[in-house]
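Everything on this sheet refers to the single structure shown next.
Just so it is clear, none of the values below were taken in a lab; they were calculated from the coordinates. All figures in this text were calculated on a predicted structure; none of them were measured in a lab. Here the Cβ positions follow ideal geometry from the backbone for every residue, glycine too, while neighbour counts run over all protein chains shown.
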Amino acid sequence: MIDIKSALYFLDNLWSDEHGAFQEAITIPIWWQLDNYMAWLVMRKHNPEKARIIEQGIISDYISVRWCIFNDDLVNFVQSPDVLPDYMRYADLVALQFFYLDKTKGSLAGYHLGILNRMYGLYHDGFIYDMVTSREGYTAYKLCLFSMCLVKYNLMTLAGQILDWVGQKYQVLEGAELGGIKTEWIPPEWEGQYPTLGRLANTETTALAIMAQDWYDAKKSSNNFMLGAGVGFGAIGAITRARKQK
Amino acid sequence: MAQYRYPLELQTSPFAIALNPNETYDHVGVYIYRTLILPITILLSFAASSIETEISYVEVFDADNDRFLLAEKTAITGNTEFVIEWDGSGVFEPRVWLGSFVTSITIAFNLPENQVVMEIRPGFNAAPYALAMGAVVGIGLVATGRRK
């Protein structure tokens, strides 16, 4: 699983009171609206004060056409077929379209999840393979999105396995980036062939990973609560009846 | 010109491509692409006039990689099949030249089981039912206890 506490600690280190925003990464003092929109989505739960500062500051005039789907904003969301006609080759676009179809009760949502499942299960090695994997490496945020799709469909076992993998493979365990989630994982044999930027832990990916873990935890809690409440109701009924019969 | 893009994994083999003429081609603008970038063998069939003088010209172009998967302006007469080994990258766009005598195009392929895309349905969630069942049982027990 992803260690949320540690991931939030990483984000805290990227926070600037002066800018009222999170910078992109430890070594990159740039404050993107996109990154902060993502951070805002998770800070609403974990740090409402920072969420307020971000909302009233850096993202006050910002419209996200992708991540707004997580704010239930279907008006500004640009559907994946409008981004790329052949979007089904890109795991993130498939996942985002899945969320849209799921929210709008679109008939093809299950097929979108099926495509992601094939991209994930192709080599059974824990990674997603899509059009750009060979160019960019293995991307954490696509795994997080897939996990979130699975949580939506109550497929909790696989969702949990994926989050385990993301935590294990992408979350930084020591050093200045402690707790952060790296964008990409590059096999050792690919060293030197690909851009290094993706190997930094950054705000956007870390925020998305926190959100994925939050979704998983919330669904688990809700399921457990309902199971517990069901058992509880039954038990209370039995006890009450037994007492009355005495 | 209308363009049509079909993900191969969501098609049932074989499937026919509707002719889509424009001012240069009798058929063009229908792109097949793979959601999994893996090699596949495509059986491409053209139904065409079998009269010797009525020659049709066909080709398969991959615009993403600027390459022909079936040689440019391949001449055919009669119903003709091509077995094309496609590495799965880019797009697979069958084209028919203007003035040809092709009446239909069919694509057939055999996807390995691990590449077939299946619709995934939401998992069964027992929790709400457990809650409802518990409530019914609990209330039932209390109610029947009262009667006694």
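Before moving on, here are some points about what is shown:
- Mean-position separation - Cα centroids, segment B:103-148 and segment A:147-181, in angstrom: 25
- If the segment from A:ARG52 to A:ASN13 were pulled out straight at 0.36 nm per residue, it would be longer than the present Cα-Cα gap by 12.2 nm.
- For peptide B:67-79, the mean count of partner chain Cβ atoms within 10 Å of a residue's Cβ comes to 0.
- Of the chymotrypsin sites (Phe, Trp or Tyr not before Pro) in segment B:55-148, those whose Cβ has at most 16 other Cβ within 10 Å and which sit in DSSP loop: B:PHE124
- Per-residue ellipticity at 222 nm computed for chain B from its helices equals -5000 deg cm²/dmol, with DSSP H segments shorter than 4 residues left out and the rest contributing -39,500 (n - 2.57).
- Dipole magnitude of segment A:4-245, debye to nearest 20 (Cβ charges: Lys/Arg +1, Asp/Glu -1, about Cα centre): 1480
- Contour excess over end-to-end distance, with Cα ends at B:MET133 and B:ALA75 and 0.36 nm allotted per residue: 13.9 nm
- Exposed-loop-free span, longest in chain A, where GluC sites (Glu not before Pro) count as exposed if DSSP calls them loop and at most 12 other C-beta atoms lie within 10 Å: A:19-173
- Helix-only mean residue ellipticity at 222 nm for chain A, each DSSP H run of n ≥ 4 adding -39500 (n - 2.57), per residue, nearest 500: -18000 deg cm²/dmol
- Nearest-20 debye value, chain B charge dipole, Cβ charges on Lys, Arg, Asp, Glu: 1680
- Pairs beyond 20 Å (Cα-Cα), from A:LYS50/A:LYS169; A:LYS50/A:LYS152; A:LYS103/A:LYS152; A:LYS45/A:LYS219; A:LYS50/A:LYS182: A:LYS50/A:LYS169; A:LYS50/A:LYS152; A:LYS50/A:LYS182
- Segment B:ALA126..B:GLU54, full-extension length gain: 19.4 nm, with 0.36 nm per residue of separation and the alpha-carbon distance subtracted.
- Amide hydrogen neighbours beyond the local backbone of B:ARG95, cut-off 5 Å, H modeled: B:GLU59, B:VAL60, B:PHE61
- Placing dummy labels 7 Å off each Cα toward the beta-carbon, the span from A:ASP61 to A:GLN168 is 4.7 nm.
- FRET E, pair B:ALA63, A:TYR123, Förster distance 30 Å, beta-carbon r, rounded to 0.05: 0.60
- For chain B, a Gaussian network of Cα nodes joined below 10 Å ranks B:ASN125, B:ASN110, B:ASN20 by mean-square fluctuation, and the top entry is B:ASN125.
- For the residues of A:239-245, the average number of beta carbons from a partner chain within 10 Å of their own beta carbon is 5.
- GNM top mover of A:LYS152, A:LYS105, A:LYS142 - chain A, alpha-carbon springs below 10 Å: A:LYS105
- Selected from A:THR104, A:THR205, A:THR183 as most flexible by GNM, with chain A as the system and alpha-carbon contacts under 10 Å: A:THR104
- Modelled spin labels at A:GLN193 and B:TYR4, positioned 7 Å past Cα toward Cβ, are 3.8 nm from each other.
- Relative to one another, the C-alpha centroids of segment A:75-140 and segment B:1-50 are positioned 22 Å apart.
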